[in-house]
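Read-outs throughout are calculated quantities, based only on the coordinates presented, and are distinct from any laboratory measurement. Since the structure is predicted, the reported quantities are computational estimates derived from the model, not experimental observations. Every residue, glycine among them, receives a Cβ derived from its backbone with ideal geometry; neighbour counts consider all protein chains shown.
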Amino acid sequence: MCFPESIEEISAAVGIACRHRVPFVARGSGTGLAGGATPVGDPLVIVTTRMNRILEIDAADRVAWVEPGVCNLDLSRSARHLGLHYAPDPSSQQACSIGGNVGTNAGGPHCLRDGVTSAHVLAVDVVLADGVITRLGGLAPDTPGYDLRGCFVGSEGTMGIAGRIAVRLLPDPPAVRTLLLDFASVAAAAATVSGIIAAGIVPAALEMMDAPITRLVEDFVGAGYPRDAEAVLLVEVSGLPEGVAAEVSGIGQVGRDHGARHVRVAADDAERELLWKGRKSAFGAIARIAPDYYLHDAVVPRTRLVEVLARVREIAAAQDLLVMNVFHAGDGNLHPLLVFDAREPGIWERVHAAGNGIVRACVEAGGVLSGEHGIGLEKRDLMPLVFDPDDLDAQARLRDAFDPSGLANPEKVLPRGSRCGEATRAPEGTWV
Amino acid sequence: MTRLGFDPDELAACVGCGLCLPHCPTYRVTGLESASPRGRITAMRVVEEGMPLDDAFSTVIDECILCRGCEAACPSGVQYGHLAEAARERVARRRPPMRRLVEWVAFVAVLPRHSVLLACTWLLLVAQRLHLVPARLGLPRLSPRSLRTPIVPDGDPTAYLFTGCVMDAWQRDVHRAAVHVMRSCGAQVGLPTAGGDCCGALHAHAGRVGEARRLARRVMASMPGDAPIVVDSAGCGAAMKDYGRLLGGPAAAAFSARVQDFAEWVAARGAPPLRDTGITVVVQDPCHLRHVQHAEGSVRTILHDAYRLVETDDDGMCCGAGGAYAVTERDLATRVRDCKVAAIRAAAGAMPFLVASANPGCAMHLDAAGLDVRHPAELLAAALDDPKGAM
Ligand SMILES: Cc1cc2nc3c(=O)[nH]c(=O)nc-3n(C[C@H](O)[C@H](O)[C@H](O)COP(=O)(O)OP(=O)(O)OC[C@H]3O[C@@H](n4cnc5c(N)ncnc54)[C@H](O)[C@@H]3O)c2cc1C
Ligand code: SF4
Ligand code: SF4
């Protein structure tokens, strides 16, 4: 394990690993939910927590250069006095690092309108698997050639390590309002989600929580979330004051048309922040019920939300497991959480059976495996569900182009046998 | 019960999400997982699973300031304070003999015996005058006049002021200010009778839980009746509010329910008339006030009429004092303090300022870094319409 303090030190560490043919794994804050930073075997773990300096904020161009270990929320805080913020806001934003966000192409509630990490990363100085430092992307609006930066974002440490990152900052909107709508059924809440989008409103964020998770979160924050609702929607709109006011009343109307029992509009920033604190604590608060959870991160077409949610409940019930749902409803990114106690004998089999069932149900409904958490170790062996052998081979070759040595975070993302004819190939490392 | 002596469910409550990391001062300055709450909980887990209780484990546990910033941030409700105190207790049993002796002298021979502590304080005062005490230790400048003049309690108390051990010896002027403000609020102020002069917080932190319990019983006996117990040291207040759990039983719980921080007590009664001093005050939240007692709001309530209050931008991060921590883990304590001092100076900007701190340990630690620190009671007393009063 090592703790580099500069990109040159990352490069030196990777260089040494490369010479001794030791695999290496990048690690940020370790909040990843797919096991991407989990060491397999005995690799060199390169931890970026000491690289937590914001190198430069250019307020005029709205660009910040940061080291990879900078914590997501700290970046927005440092830009606050300039009226700027960094838009991608994973619920783990108080802890996760920008490097980890780049690694997983992280999303967050406010990515509905503003886009996920990739849309906000302009350039990355990457340490490749042989220790060479190279810049992908650039500050110009459209850099010539292939978008290798786009390729790197979301590569989960398998194409090298980000050592310096240039991100776009957005101006703070002049007006922000947050609404909480509560419903007597999940179907009504889901119909409202579609209704809002159909009405031509694109909220900054549109989140749904079902009954069990709402009660749990309320126990932690005491923000006045309704304990008796079957589902709640947390909606945020922002922009110019007049437009925002119109959208607030529009959303309220759509909600009531679909049977919302209450529409609460947060009165001030303190109330807004409390509501968001609830939403963002949801995963962590699970342990109030049971010590372990298994989480999926599938995306389904918005129109099929109700049906998929019903399937998810059935599948969990068939294995006698409790499932809770908290998710980015606006883009159909589901996070079904299976809640259990790993000390119960035989529980893992049931959890895996339910997990696989849920993924299959999502894929059958036209969905994909991961919205934002990445594939890592955990979802790796599910990749063939969505990609045929040709797709996997193409991805493996792309990866090889970045890392011919195969030392960068091996065993992650792509299942064994992804490369055509891999079984017949000489062992890793002997053919370079 | 387990090897480290806590309920295994309490350990299982941590799901490893990492949301506590940024709130942990030792993680902030080191970037090390092993100096983070999640890392410490993992270490406890592997010890539970049979790894030896070795020096590495002791270091991991000792480096924790017990500020409980992580506990306040944890959405899973992990009771980190309980876990860490239990682990401390196990670790304390395997200290080298020399350290055990020093600790015994401090915890058993001096702190709970007020006359011995006062005698030591006189010696220290003399040493200070002879310039034998290095300034970096951060001891307050002891005053012979203050040490010589006891505080005289009122008869038939309507509220007690708990005076404590070190604080009564080293910072008695804070007590004087507190008594003055309490009287201005119309209270008759009682003091604990002999024996009730150490709350046991430092003992509990150092893993000496048995002694902490014994001291707690003495403190309870020293302030009978049902008058509220006002505490002007956030660390002592937090410990006394926890007697219910420490000792168990209805009497301890009832005693704990009477305990209030000085600011809480004044805020509930309404501050006496104050003049606007125009002075800038940066509020420092002692961890035991903010994360444990959740009473930091009251400090602002009572001061805001008289001072221009300024907040730091660090979510109430710990200053690194942590009871005896500033002495036992000096290097880390100093690095954590550097961050705090930078945040305080940044908050004040170009203005001359005072720092308000409701805990004597934090005050001394920050004072040693060159800040001018006052207790909220002193700030209030100075802003009373009649600052001299009937002292
Ligand atoms: C409570 C909770 C809520 C969450 N909510 C969200 C959410 O709303 N949206 C979301 O997208 N995710 C969410 N996550 C998942 C996680 O926080 C994100 O995936 C985050 O981006 C991981 O950042 P990290 O610094 O912890 O990275 P790590 O976990 O340390 O690493 C994640 C991956 O990135 C790679 N990596 C790390 N640093 C670098 C680098 N410098 N260069 C290249 N690769 C690197 C690692 O190898 C690994 O594959 C949540 C997690 C938790 C615990
Ligand atoms: S202590 Fe709480 S916040 Fe920290 S990792 Fe464990 S569950 Fe998460
Ligand atoms: S008590 Fe303080 S120092 Fe200890 S782990 Fe928690 S936040 Fe860190």
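Going by a ≥ b ≥ c, the root eigenvalues of the Cα gyration tensor, does segment A:175-283 fall in the rounded group (a/c under 1.5), the prolate group (a/b larger than b/c) or the oblate group?
In terms of gyration-tensor shape, oblate.
Please report B:Leu354, B:Leu161 as a ranked list, fewest other C-beta atoms within 10 angstrom at the top and most at the bottom.
B:Leu354, B:Leu161
May I ask you to give the average projected area over all directions of the convex hull of the Cα atoms of segment A:151-194, in nm² rounded to one decimal?
6.7
Before anything else, pin down the relative contact order of chain B: Cα pairs under 8 Å, at least 6 apart, normalised by residue count, whole percent.
16
Cα centroids of segment A:216-293 and segment B:1-42: how far apart, whole angstrom?
Spelled out, the Cα-based centre of one part sits 30 Å from the other.
Can you tell me the 0 to 90 degree angle between the C-alpha axis of helix B:330-348 and the longest principal axis of chain B, rounded to 10?
50
Quick one: 3J(HN,Hα) in Hz for segment B:46-51, Karplus 6.51/-1.76/1.60 with θ = phi - 60°, rounded, Gly and Pro as x.
With the stated coefficients, segment B:46-51 comes to 5, 5, 4, 7, x, 5 Hz.
Find how much the distance from A:Cys151 to A:Trp348 grows on full extension, using 0.36 nm per residue of separation minus their present alpha carbon separation; answer in nm with one decimal.
Full extension from A:Cys151 to A:Trp348 adds 67.5 nm.
Rank by packing, highest mean first: peptides B:241-249, B:177-185, A:261-269, with packing defined as the count of other Cβ atoms within 10 Å averaged across residues.
B:177-185, B:241-249, A:261-269
Which value in nm describes the separation of the simple spin-label points at B:Ser143 and B:Asp385, placed 7 Å from the Cα toward the beta carbon?
That separation, rounded to one decimal, is 2.6 nm.
In which sequence would B:Arg275, A:Arg215, A:Arg62 go, from the one with the fewest C-beta neighbours within 10 Å to the one with the most?
Listed from fewest to most nearby Cβ atoms, that is B:Arg275, A:Arg62, A:Arg215.
Got the relative contact order for segment B:217-345 handy, in percent, Cα pairs under 8 Å and 6 or more residues apart?
21
Can you give me the Cα centroid spacing of segment B:144-217 and segment A:91-157 in angstrom?
Using only Cα atoms, the two centres lie 57 Å from each other.
Counting partner chain Cβ atoms within 10 Å of every residue's Cβ in B:313-324, what's the average?
Taking the mean over all residues of the peptide, I get 1.
Mark the label point 7 Å from the Cα of B:Thr193 along Cα→Cβ and return the residues of segment B:217-237 whose backbone N is within less than 14 Å of it.
Answer for segment B:217-237: B:218-226.
By the gyration tensor of its Cα atoms, with a ≥ b ≥ c the square roots of the eigenvalues, what is the shape of segment A:225-291: rounded for a/c under 1.5, prolate for a/b over b/c, or oblate?
It is oblate, given that a/c is not under 1.5 and a/b is not larger than b/c.
Among A:14-20, A:333-339, B:371-377, what's the highest-first ranking by average C-beta atoms within 10 angstrom per residue?
In decreasing order of mean packing, A:14-20, A:333-339, B:371-377 become A:333-339, B:371-377, A:14-20.
Answer rounded, prolate or oblate for segment B:238-391, using the Cα gyration tensor with square roots of eigenvalues a ≥ b ≥ c: rounded when a/c is under 1.5, else prolate when a/b is larger than b/c, else oblate.
It is oblate, given that a/c is not under 1.5 and a/b is not larger than b/c.
What is the spin-label model distance, in nm, from A:Ala245 to A:Ala184 if the labels are put 7 Å beyond Cα along the C-beta direction?
Each label point lies 7 Å from its Cα, and together they span 3.3 nm.
Full-extension gain between B:Thr59 and B:Met351, please, as 0.36 nm times their residue separation minus the C-alpha to C-alpha distance.
101.1 nm
Averaged across B:10-20, how many Cβ atoms of other chains sit within 10 Å of each residue's Cβ atom?
Taking all residues of B:10-20 together, the mean is 6.
Going by average Cβ density within 10 Å per residue, which order do the peptides B:87-98, A:162-173 take, highest to lowest?
A:162-173, B:87-98
Determine the shielding of peptide B:68-75 by partner chains: average, over its residues, the number of Cβ atoms on other chains within 10 angstrom of each Cβ.
So the per-residue partner count for this stretch is 3.
Under the rule of -39500 (n - 2.57) per DSSP H run of 4 or more residues, summed and divided by the residues of the protein assembly as shown, what mean residue ellipticity at 222 nm is obtained, to the nearest 500 deg cm²/dmol?
Result for the protein assembly as shown, helices only: -11500 deg cm²/dmol.
Less than 22 Å apart at the alpha-carbon level, and either on another chain or at least 8 residues along: which lysines does that give for A:Lys379?
Partners within reach: A:Lys412.
By how many degrees, 0 to 90 and rounded to 10, does the Cα axis of helix B:172-184 deviate from the longest principal axis of chain B?
Once rounded, one gets 60 degrees.
Ranked by Cβ crowding within 10 angstrom, fewest neighbours first, how are B:His288, B:His82, A:His328 ordered?
Ranked by crowding around the Cβ, least crowded first: B:His82, A:His328, B:His288.
If I model a spin label as a point 7 Å beyond the Cα along the Cα-Cβ vector, how far apart are those points for B:Ala253 and B:Ile279 in nm?
Those two pseudo-labels are separated by 4.3 nm.
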